[in-house]
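Take a look at the structure set out below.
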Amino acid sequence: MPPAVVLVTGVSRWLGGALAAELAADPAIERVIGVDTVPPSPAMLRRLGRTEFVRADIRNPLIGKVIAAASVDTVVHMNISSTPAGSGGRVPMKELNVIGTMQLLAACQRAPSVRRFVLKSTSAVYGASSRDPAVFTESMQARQVPWGGFAKDSVDIEGYVRSFARRRPDVDVAVLRFTNFIGPRIDSLLTGFLRMPLVPTALGYDARVQLLHEDDALAVLTRATTGSFAGTVNVGGEGTLLLSQAIRRLGRVEVPLPTPALGSVGRLSRRFGFVDYSPEQMRFLNFGRVVDTARLRTRFGYTPRYTTEAALADYARTVAPVIDPLTVRSVTGGLSSLLTRVGDTASAVERRLRPTPPPPGLRAVRDA
Amino acid sequence: MPEARVIPLRPDDDEPFAPVSPPAWDDQVAGGLEFLQRRLTGEYETDEFGFDPDLADHVLLPILRPFFQKWFRVETFGLENVPADSGALVVANHSGTLPIDALMTTVALHDEHPAARRFRLLGADLVFDIPLVGAMARKLGATLACNEDAERLLTEGELVGVFPEGFKGIGKPFRDRYTLQRFGRGGFVSAALRTGKPIIPCAIVGAEEIYPMIGNAKTVARLFGLPYFPITPTFPLLGPLGLVPLPSKWLIAFGEPIETASYGPAAAEDPMLVFNLTDQVRETIQHSLYQLLLRRTSVFG
């Protein structure tokens with residue numbers, strides 16, 4: 001049964017807005033309510049269509065009134081900030097993430113109309129360390145529980161959502177653990193990181209990266225909202241790349257720095273609001289993380305259209321390479337044709353100087 | 001006149017005689033250029049464990065090959081016991097202070113096995129903590145020694161290598177050479193049982209003598225967070241020169257596979273069976289170590 005009234009939090013960001021627009025385009029859904037603390041951009045507002053925008057802070061009990069008044073039956077919680085830069089510092093970020101989720105869940109628990117709760121979570125809950133298994137399935141837990149930042153918030157949020165599910169067993173809860181988003185339109189941690197012409201990385205480490213294209217992320221969220229899946233599922237594209245490989249494919253220049261130096265670069269860039277190099281993010285850049293997506297394909301019933309490689313290639317269309325692969329190809333091609341000529345000359349000279357030895361004569365028959 | 005009968009002179013070699021020559025220098029340079037282009041543009045494949053076959057084939061294995069062929073003069077036996085295209089768990093003894101034995105077995109299975117098998121090693125978490133070493137280990141095909149990874153690799157039909165003695169084996173004093181230490185907790189047996197893949201016992205002779213460990217500086221080891229800090233006749237006395245391994249003669253023997261599929265995956269929950277199989281593997285390796293030692297005429301011969 002499709003939902004009648006959907007509430008989407010974090011609608012002013014690209015993915016939240018895209019989901020609300022997608023739901024608003026579905027005539028089976030009666031009402032779509034978008035909530036965020038900041039109003040969406042004019043371009044986003046046009047896309048949102050018949051979505052009703054409510055400017056509200058989910059940290060405020062007002063959200064309960066919205067849910068009760070509209071008798072919302074499906075809540076999609078996407079208002080989880082991954083960078084302190086976007087929410088004005090680490091303290092407001094944690095407040096928005098954790099306290100906001102608690103308030104939202106409290107409101108949902110009181111509302112008898114709520115039947116479905118979808119959480120946009122992250123595979124960062126698995127942590128990142130040298131003791132990790134190569135591939136995480138949904139039943140595995142972090143070997144080293146993340147102790148700070150976005151990952152810690154996400155672990156806490158999942159914990160609160162689990163206790164909400166216990167208290168309201170009639171509500172179907174879907175927890176979607178996304179890998180890193182990438183794509184031409186989305187603004188994620190990794191896109192900001194890879195857009196820099198010189199990409200500083202940790203010397204002596206190479207992370208395994210699994211990506212998810214923005215279109216697949218949107219499709220999975222839509223399916224989770226309108227479908228009937230309940231439980232936890234990893235969402236990621238097929239295949240992996242090494243971080244160094246991804247940087248090379250984008251034509252960026254990798255600058256490996258010793259870990260202590262990388263820390264100060266991180267603090268500097270955070271101060272200027274460029275890219276977030278939080279300690280937790282750095283652990284990810286050292287070790288990487290890969291999740292098993294068998295459950296996504298079988299139980300959830302969705303196969304991402306883009307593999308990790310294809311998603312990166314689609315993103316690469318929008319960033320101009322610093323080292324153009326075509327230049328590399330023409331240089332190596334030129335060198336190899338030069339080489340062939342030199343080689344031909346050399347062998348011609350060799351033939352002139354030293355004629356090829358005649359083929360060896362008959363050898364003795366073994367069992368004669 | 002009856003027709004003359006043609007008697008083939010060389011009945012057993014049909015293909016024309018062609019001397020095997022190393023590839024010409026210009027082909028080598030052209031191959032190098034192609035490799036460089038792939039590396040610069042990132043157009044190569046890696047897997048979810050971080051294995052980079054392109055780098056392994058063109059850089060890492062060529063570095064190891066002279067050690068395998070010239071320095072240690074490795075001889076291999078029983079390669080027919082290693083399946084050509086299905087998963088199996090190779091269990092070997094561990095020795096030599098640094099895990100050179102794992103690297104040489106990788107070369108042996110790639111260069112000498114007819115199917116050029118990739119050897120997927122399981123390493124301790126310490127390996128993946130060390131910068132450069134950890135990244136290179138993953139690129140060579142290694143991953144963390146845990147049941148999840150071992151089972152995933154075995155299910156995918158990979159040839160997985162494990163050294164159940166761990167640090168107890170590799171960091172044991174020289175006087176204990178060729179004596180197998182305790183075999184962990186039998187985690188490798190349960191991984192094989194759960195996936196129904198055979199266990200291939202593997203004995204490596206020669207690695208014990210490359211860095212004869214005559215002492216262990218425990219305080220220094222604790223300072224660096226290492227399980228042991230070796231003192232050999234040349235290290236740390238001669239500094240970096242002490243890192244050159246002694247050129248001992250190596251023999252690597254792969255034994256007959258021990259079948260696990262007949263027990264069924266539920267058998268992994270039977271500790272007694274797991275213990276018995278662990279002991280069986282351990283005794284087989286110990287036995288074949290003694291046999292190989294008898295076969296080897298001298299340590300450096």
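Some values worked out for this structure:
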read-out: Accessible carbon and sulfur surface of the protein assembly as shown relative to its total accessible area, %, 1.4 Å; value: 59 percent
read-out: Segment B:35-167 - charge dipole about Cα centre, Lys and Arg +1 at Cβ, Asp and Glu -1, debye rounded to 20; value: 540 debye
read-out: Rounded to whole Hz, the Karplus (6.51, -1.76, 1.60) HN-Hα couplings of segment A:56-73, x for glycine and proline; value: 8, 9, 6, 6, 9, x, 3, 4, x, 5, 4, 5, 5, 5, 8, 6, 5, 10
read-out: Sparse-neighbour loop sites [GluC sites (Glu not before Pro); segment B:129-163; at most 14 other C-beta within 10 Å; DSSP]; value: B:E156
read-out: Label-to-label distance, nm, for residues given as A:A56 and A:Q141 (7 Å Cα→Cβ offset); value: 3.5 nm
read-out: GNM top mover of B:G215, B:G166, B:G87 - chain B, alpha-carbon springs below 10 Å; value: B:G215
read-out: Spacing of the two label points (7 Å from each Cα toward its C-beta) at B:A4 and A:S71, in nm; value: 10.7 nm
read-out: Overall dimensions of segment B:87-129 as given by Cα atoms, namely Rg and Dmax in Å; value: 11.4, 34
read-out: Burial of 50 Å² or greater, segment A:236-269 residues [accessible area, probe 1.4 Å, versus chain by itself]; value: A:T240, A:L242, A:Q245, A:R248, A:R249
read-out: Overall dimensions of segment A:24-110 as given by Cα atoms, namely Rg and Dmax in Å; value: 13.7, 40
read-out: J(HN,Hα) series, segment A:317-328, from Karplus relation 6.51 cos²θ - 1.76 cosθ + 1.60, nearest Hz, glycine and proline x; value: 4, 9, 10, 6, x, 7, 9, 6, x, 5, 4, 4
read-out: Most to least accessible of A:L211, B:L226 (protein chains only, probe 1.4 Å); value: B:L226, A:L211
read-out: For B:G123, distant residues with modelled amide H under 5 Å away; value: B:T143, B:L144, B:A145
read-out: Sequence-distant residues sharing a close amide H with B:G166 (under 5 Å, placed H); value: none
read-out: At R0 = 56 Å, FRET efficiency that the Cβ-Cβ distance of B:R73 and A:V91 yields, to 0.05; value: 0.30
read-out: Positive-end residue, segment B:165-301 charge dipole about Cα centroid, Cβ charges, pick of B:L246, B:G169, B:P233; value: B:P233
read-out: Dipole magnitude (debye, nearest 20) for chain B, charges at Cβ of Lys, Arg, Asp, Glu; value: 1520 debye
read-out: Ratio Rg/Rh, restricted to segment A:183-313 and using Cα atoms, in which Rh is the Kirkwood radius; value: 1.01
read-out: For segment B:35-109 versus segment A:19-38, the gap between their alpha-carbon centres in whole angstrom; value: 54 Å
read-out: Under-5 Å amide H pairs with B:G196, H placed in peptide plane, nonlocal only; value: none
read-out: Inter-label distance, nm, simple model (7 Å from Cα along the C-beta direction), B:E43/B:D111; value: 3.0 nm
read-out: Cβ charges +1 (Lys, Arg) and -1 (Asp, Glu), total dipole of the protein assembly as shown, debye; value: 2020 debye
read-out: Surface/4 of the Cα convex hull for the protein assembly as shown, nm²; value: 42.8 nm²
read-out: Accessible surface of B:W25 - all protein chains present, 1.4 Å probe, nearest 10 Å²; value: 130 Å²
read-out: Heavy-atom surface of chain B, accessible at 1.4 Å and reported per residue (Å²); value: 50 Å²
read-out: Accessible heavy-atom area order of B:S95, B:S288, highest first, probe of 1.4 Å; value: B:S288, B:S95
read-out: Principal axis dimensions, segment B:134-245 - Cα atoms, whole angstrom, descending; value: 48, 31, 24
read-out: Pairs of Cα atoms farther than 26 Å apart, chain B, %; value: 51 percent
read-out: Normalised alpha carbon radius of gyration of segment A:1-40 [divisor 2.2 N^0.38 Å]; value: 1.11
read-out: B/A buried area, accessible surface, summed, 1.4 Å probe, Å²; value: 3500 Å²
read-out: Within segment A:55-77: backbone nitrogen closer than 20 Å to the A:D26 label point (7 Å, Cα to C-beta); value: A:67, A:70-77
read-out: Positions from segment B:90-134 whose accessible area shrinks by 30 Å² or more when the full protein complex is built, not the chain alone, probe 1.4 Å; value: B:D125, B:F128, B:D129, B:P131, B:L132
read-out: Residue among A:V175, A:L189, A:A219 farthest towards the positive dipole end of segment A:149-232, charges placed on Cβ; value: A:V175
read-out: Charge context of B:R117, other residues only, Cβ under 15 angstrom, K/R +1, D/E -1; value: -4
read-out: Accessible area of segment A:109-154 divided out per residue, in Å², using a probe of 1.4 angstrom; value: 38 Å²
read-out: Positions from segment A:171-205 whose accessible area shrinks by 40 Å² or more when the full protein complex is built, not the chain alone, probe 1.4 Å; value: A:G204, A:Y205
read-out: Ellipticity estimate at 222 nm from DSSP helix runs (n ≥ 4, -39,500 (n - 2.57)) divided over chain A, nearest 500; value: -12500 deg cm²/dmol
read-out: Computed helical MRE - 222 nm, chain B, DSSP H runs ≥ 4 contributing -39500 (n - 2.57), nearest 500; value: -10000 deg cm²/dmol
read-out: Subset of A:K152/B:K139; A:K94/A:K120; B:K168/B:K197 violating a 23 Å alpha-carbon distance limit; value: A:K152/B:K139; B:K168/B:K197
read-out: Whole-Å distance, taken between Cα centres, linking segment A:284-321 and segment A:199-223; value: 6 Å
read-out: Accessible surface of A:S129 - all protein chains present, 1.4 Å probe, nearest 10 Å²; value: 10 Å²
read-out: Environment charge at A:L198 (Cβ cut-off 10 Å; Lys +1, Arg +1, Asp -1, Glu -1); value: 0
read-out: log₁₀ of I(q)/I(0) at q = 0.06, 0.10, 0.13 Å⁻¹ - chain A, Debye sum with one point per alpha carbon; value: -0.30, -0.65, -1.04
read-out: Radius of gyration and Dmax over the Cα atoms of segment A:125-200, both given in Å; value: 15.7, 51
read-out: Nearest-10 value in Å² for the accessible area of B:K197, using the 1.4 Å probe; value: 50 Å²
read-out: Backbone HN-Hα couplings from phi across segment B:265-282 [Karplus 6.51/-1.76/1.60, Hz, Gly and Pro as x]; value: x, 5, 5, 4, 8, 9, x, 5, 5, 4, 4, 5, 5, 4, 5, 4, 4, 4
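The values are calculated or read from the model by the stated rules, or taken from the named source; none is laboratory data. Nothing here was measured: the structure is a model prediction, and the numbers come from that model. Neighbour counts are summed over all protein chains in view; Cβ atoms, including those assigned to glycine, are modelled from backbone coordinates with ideal geometry. When the accessible area is computed, the model is the full protein with side chains, heavy atoms only, and any ligands, DNA or RNA have been set aside. Shrake-Rupley method; radii C 1.70, N 1.55, O 1.52, S 1.80 Å.
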